[in-house]
Amino acid sequence: MGHRKADFYLSLCAGIAVFAVSVFGFAGLLRRPAIPREALEQATGVTLPRDRDPDLLPRDIVKIDGFEVRDRKTDFKFVAAHHRIGDPIDFVVTKDGRELAATERLVPHHEKGGTPFIFLLTGVFGFLLGFGVFILRPGDRRAGVFYWLCMAFSSAVMISGEWYGVQGRPMRLVPGVLFFFAYTLTPVILLRFVRTFTARDRLPGGPLLWTVALLFGGFFSAVLVIGLLRPSIEIFRLKGHFSYFRIFFAAVCIVALGTLFRAFRSVPSREKRDQIRWVLYGMIIGLGPFMFLYTLPIAAGMRPLLSEETASAFFAVLPLALAFAILKYKLLDINVIINRSVVYSLLTMVTVGVYLASIEGLKALFSASPGTGGKWIPVGSAFIAALVFAPARSRLQVAVDRAFFRRSYDYRRSVSGFTEAAERAHSDRDLLDRLSETLAAILPVERIGAFIPAAGREASGIALRSGLDDDMAALLAAPAGPLATLPPEALERNGFALALPVPLGDAGPAGWILFGPKRSALEYTDEDRELLRALTAETSAALRRIRLQEEVIYERASREKLEEIGRLKTEFISSVSHELRTPMTSLQAISELLKSGKVADPSRRDHLLELMAGECGRLSRYLHNVLDFGRIEQDSKRYEIRAVDLKPVVAGVAEVVRSAAAEEDLDLVVETPEGAVPVEADPDAVSQALLNLVDNAIKYSAGRKRVAVRLVATADGAEIIVSDSGIGIAPEDRERVFEAFYRTPEAARHDPKGVGLGLKIVKHIMDAHGGAIAVAGGPGRGTTFTLKFPGRR
Ligand code: ADP
């Protein structure tokens, strides 16, 4: 962090130094001398042709300041670098083969103001832009590149020449050297900026480009410094190679333009496209004339189509376009809001402009008749300025709003954009966020508040409250009926300037959306209010839609729940009746048979009575399960756990099963150890669990049913293992069979009787004993349940 801070200040200082040297260099620009053509023509009678390059020596001049002219483009620059305006210079001009000598004084290149002034404004503006961006986005890589682009470009523009006004003073070489480096680096930094800006991070051939630019800069600086210090016209003439740099300059700029253009065509977001568009405008209008009408023709060995000065005057467009893109399209993610003070400064400028223009206008009007009270002219002008002040003010405000805050000033588009966004909102909060987003893009405000009462007619409670103090919320929530307006002091206290009601359709209080002052500190215009009203109307429609959706979802959920309960009830009743019907039918049949007295054989009677007892046992076990389930659900099932021996419990269960299954094709094997198997348990519950397991083992087996019950004493307690050779349980069902009412599809197919309560109860019993139940086996391989009891403690 500290490192980055140091970097920041170092770069800032370097920039300030560049700025200072540029100002120093600009002063030299004003001392730029020119060839005294008119004086020479008068002295020699030779007409000297004018060229777009003002420093190009006419062919007729063969000697200057004692040396022979060889490089017409460079030689006068050498002279001008040594002398000041007004210095007498010896010229030799040829006329009809004769040589005429004349000594004339150098004249100023710039008459007054003019292009240097444009260079100064462009340069200073560029510097300010660079500093502003750098300070607003410290640490941002793109902003850093932009900063150096501004520094290089602005200093090249401001110094605008490497040699003017050196006049033998070595200090003057400093801006000259800076100029060369700034100039040669500018295209590479520009390309680098375009690459980072369009998210192409690598600069292709970067090191090579930097090296070439630095070599050019170093070479021309060296030529300048050595040429002037020696002094040597031969060395100075090496500057003629500048054409090579011009080719490089044009090529790099064209690549940068191409990159921007490609990005412009492929970028998906509108905002980004607008940004690129303005950078493109800046480059095409700002650099285009210089590149295509000046540099390229010279590089191609032709005459430039525009003079260097005219072509460079367009430079001013580049920083202006970039600044515009920053202000309006948040270029480099910089969000600057034009505020009231800027508007008033602009307004003052307009007023002063009108004042001055009126003075000039009135002067022109009255100059025809002198003596008509010239001292009234300023008064009249002031009067005119005062007259235009008021309309100018509102116009200016609207113009500023239009230029910088509204992409298109097209309310319809923003409203319909918001409508679309609101349709996707899924909650009140989400909706409000989308509203804030929309406003941020077209009408930035200090804050947005909201008061949305809870849904429903009872209308107590608040669904959303944001940015309001308690008093204000209480005021809004008061069931006094819809308030038409809010007390202004309450609004102001909460920092809002405007409140709009959000009708929610039902009888309850309306919601409110509140808007803080505009971030530009300007007043809300009628158009703004209209926009906010439209957006609020959309918000309230969306809110109602969200509420309706919530209601529908809630209703559907509760309906589904009711349906589910109903379905379970029906299923339960049908399986219970199913389960009861079979034993009832056989009980009825047997009892009728016995009553009829047709069964005389006592052994057969005993058998029938045994069957009856078995059925009754099954019935009562079943009812027991159902009742137990009810108790489990109500959490009222109790166990009487005490020290018991499991051996008689297992034996008892085997007895019951055997007698009940007298007729069935059943192989029941029971294995118990020699000695007692003592555990802590509720013997009735254990019998019930075991009976459930053995019942299942019989029920879910086919053909000859082989069921084994083994009691084993283990190191840490005891286990009862019930295994069968039946249909088995698929692995994915092993967990679920312990859920109430769950039956595997195979089981339901195999035996439609059954409600799915047995295992649930077994599990409950084992949990209550601090034990566990495990299941093993698989489809077609039979099933083994193991009840694990902890030992006595
Ligand atoms: P029910 O037997 O009334 O369906 P349970 O709770 O006793 O209810 O058993 C739940 C489910 O577990 C049964 O429907 C059956 O799918 C499966 N199941 C239980 N015991 C066995 C077993 N021995 N063999 C195969 N599947 C079984």
>> Just checking, does segment 90-99 include any residue being in contact (Cβ under 8 Å) with a residue 40 or more places away in the chain and open to solvent by 80 Å² or more (accessible area, probe 1.4 Å)?
In response: no
> Taking segment 741-751, which residues are open to solvent by 30 Å² or more (accessible area, probe 1.4 Å) and assigned to a loop (DSSP other than H, G, I, E, B)?
Replying inline: 741, 742, 743
> Any chance segment 201-217 includes a residue that's open to solvent by 30 Å² or more (accessible area, probe 1.4 Å) and of a type in the set (Ser, Thr, Tyr)?
Replying inline: yes
> Mind checking whether some residue in segment 67-79 is open to solvent by 20 Å² or more (accessible area, probe 1.4 Å), closer than 17 Å to residue 110 by Cβ and either free of Cβ contacts under 8 Å to residues at least 40 places away in the same chain or of a type in the set (Asp, Glu) (or both)?
Replying inline: no
> Condition test on residue 710, is it of a type in the set (Lys, Arg) and more than 11 Å from the ligand (Cβ to nearest atom)?
Replying inline: yes
> Of all the residues that make up segment 671-688, how many are assigned to a loop (DSSP other than H, G, I, E, B) and free of Cβ contacts under 8 Å to residues at least 60 places away in the same chain?
Replying inline: 6
>> I want to confirm something. Restricting to segment 725-740 and keeping residues that are within 9 Å of the ligand (Cβ to nearest atom) and within 23 Å of residue 765 (Cα to Cα), which single residue is surrounded by the most Cβ atoms within 10 Å (Cβ to Cβ)?
In response: 729
> Which condition breaks for residue 566 when tested against (1) over 30 Å from residue 420 (Cα atoms); (2) in contact (Cβ under 8 Å) with a residue 24 or more places away in the chain; (3) open to solvent by less than 60 Å² (accessible area, probe 1.4 Å)?
Replying inline: (2)
> When residue 237 is evaluated against the numbered criteria (1) out of contact with any Gly (no Cβ under 9 Å at 6 or more places or on another chain); (2) farther than 28 Å from residue 118 by Cα; (3) among the basic types (Lys, Arg), which criterion, by number, is the only one it fails?
Replying inline: (1)
> Pairs under 6 Å by beta carbon, first residue outside any helix (DSSP H, G or I) in segment 184-204, partner at pLDDT below 95, six or more apart or different chains?
Replying inline: 198/263; 203/192; 203/195
> For segment 694-705, what are the residues that are within 12 Å of the ligand (Cβ to nearest atom) and open to solvent by 50 Å² or more (accessible area, probe 1.4 Å)?
Replying inline: 699, 702
> With (1) within 30 Å of residue 636 (Cα to Cα); (2) within 57 Å of the chain's Cα centre (by Cα); (3) within 11 Å of the ligand (Cβ to nearest atom); (4) aliphatic (A, V, I, L, M) as the list, and residue 722 as the residue in question, which single condition is left unmet?
Replying inline: (2)
> Out of segment 229-286, which residues are part of a loop (DSSP other than H, G, I, E, B), closer than 16 Å to residue 329 by Cα and in contact (Cβ under 8 Å) with a residue 40 or more places away in the chain?
Replying inline: 267
> For segment 612-644, what are the residues that are open to solvent by 50 Å² or more (accessible area, probe 1.4 Å), more than 25 Å from residue 583 (Cα to Cα) and touching a Pro at 6+ places or on another chain (Cβ under 9 Å)?
Replying inline: 640, 642, 643
>> The conditions are (1) part of a loop (DSSP other than H, G, I, E, B); (2) more than 8 Å from the ligand (Cβ to nearest atom), and residue 691 fails exactly one of them. Which is it?
In response: (1)
> Any idea how many residues of segment 634-667 are part of a helix (DSSP H, G or I), free of Cβ contacts under 8 Å to residues at least 12 places away in the same chain and charged (D, E, K, R)?
Replying inline: 2
> So which residues in segment 261-280 are hydrophobic (A, V, I, L, M, F, W, C) and open to solvent by 70 Å² or more (accessible area, probe 1.4 Å)?
Replying inline: 261
> Which residues, taken from segment 601-611, are part of a helix (DSSP H, G or I), open to solvent by 60 Å² or more (accessible area, probe 1.4 Å) and not aliphatic (A, V, I, L, M)?
Replying inline: 602, 603, 604, 605, 606, 610
> If you scan segment 511-544, which residues turn out to be within 15 Å of residue 421 (Cβ to Cβ), surrounded by fewer than 18 Cβ atoms within 10 Å (Cβ to Cβ) and without any contact (Cβ under 8 Å) to a residue 40 or more places away in the chain?
Replying inline: 537
>> Where the second residue is in a loop (DSSP other than H, G, I, E, B) and of a type in the set (Gly, Ala, Ser) and the first is at pLDDT 70 or above and open to solvent by less than 50 Å² (accessible area, probe 1.4 Å) and lies in segment 452-479, which pairs have Cβ atoms under 6 Å and are six or more apart or on separate chains?
In response: 453/459; 453/508; 454/461
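Residue-by-condition table, conditions (1) open to solvent by 90 Å² or more (accessible area, probe 1.4 Å); (2) within 16 Å of the ligand (Cβ to nearest atom); (3) among the hydroxyl-bearing types (Ser, Thr, Tyr):
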{"site": "573", "(1), (2), (3)": "yes, yes, no"}
{"site": "582", "(1), (2), (3)": "no, yes, yes"}
{"site": "589", "(1), (2), (3)": "no, no, no"}
{"site": "595", "(1), (2), (3)": "yes, no, no"}
{"site": "599", "(1), (2), (3)": "no, no, no"}
> Limited to segment 281-295, what total is found for residues that are surrounded by fewer than 20 Cβ atoms within 10 Å (Cβ to Cβ) and among the aliphatic types (A, V, I, L, M)?
Replying inline: 3
>> Any residue that is in a helix (DSSP H, G or I), small (Gly, Ala, Ser), within 30 Å of residue 738 (Cβ to Cβ) and modelled with pLDDT of 85 or more - is there at least one of those in segment 568-579?
In response: no
> Quick one: is residue 366 in a helix (DSSP H, G or I) and modelled with pLDDT of 70 or more?
Replying inline: no
> Scanning segment 752-788 for residues that are more than 8 Å from the ligand (Cβ to nearest atom), of a type outside the set (Gly, Ala, Ser) and assigned to a loop (DSSP other than H, G, I, E, B), which turns out surrounded by the most Cβ atoms within 10 Å (Cβ to Cβ)?
Replying inline: 769
> Does segment 719-753 hold any residues that are among the acidic types (Asp, Glu) and closer than 19 Å to residue 788 by Cβ, and which are they?
Replying inline: 719, 724, 735
>> Checking residue 555 against (1) loosely packed, with under 15 Cβ neighbours inside 10 Å; (2) under 21 Å from residue 447 (Cα atoms), only one condition comes out false. Which one?
In response: (2)
>> Of all residues being within 16 Å of the ligand (Cβ to nearest atom) and buried (at least 17 other Cβ atoms within 10 Å of the Cβ) in segment 668-685, which is farthest from the chain's Cα centre (by Cα)? Just the residue, please.
In response: 668
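The values are calculated or read from the model by the stated rules, or taken from the named source; none is laboratory data. Computed from a predicted model, the values in this text were never measured in an experiment. Note that we place each Cβ from the backbone using ideal geometry, even for glycine, and neighbour counts take in every protein chain shown. In case anyone asks, the SASA skips ligands and DNA or RNA and just uses the protein heavy atoms, side chains included. Shrake-Rupley method; radii C 1.70, N 1.55, O 1.52, S 1.80 Å.
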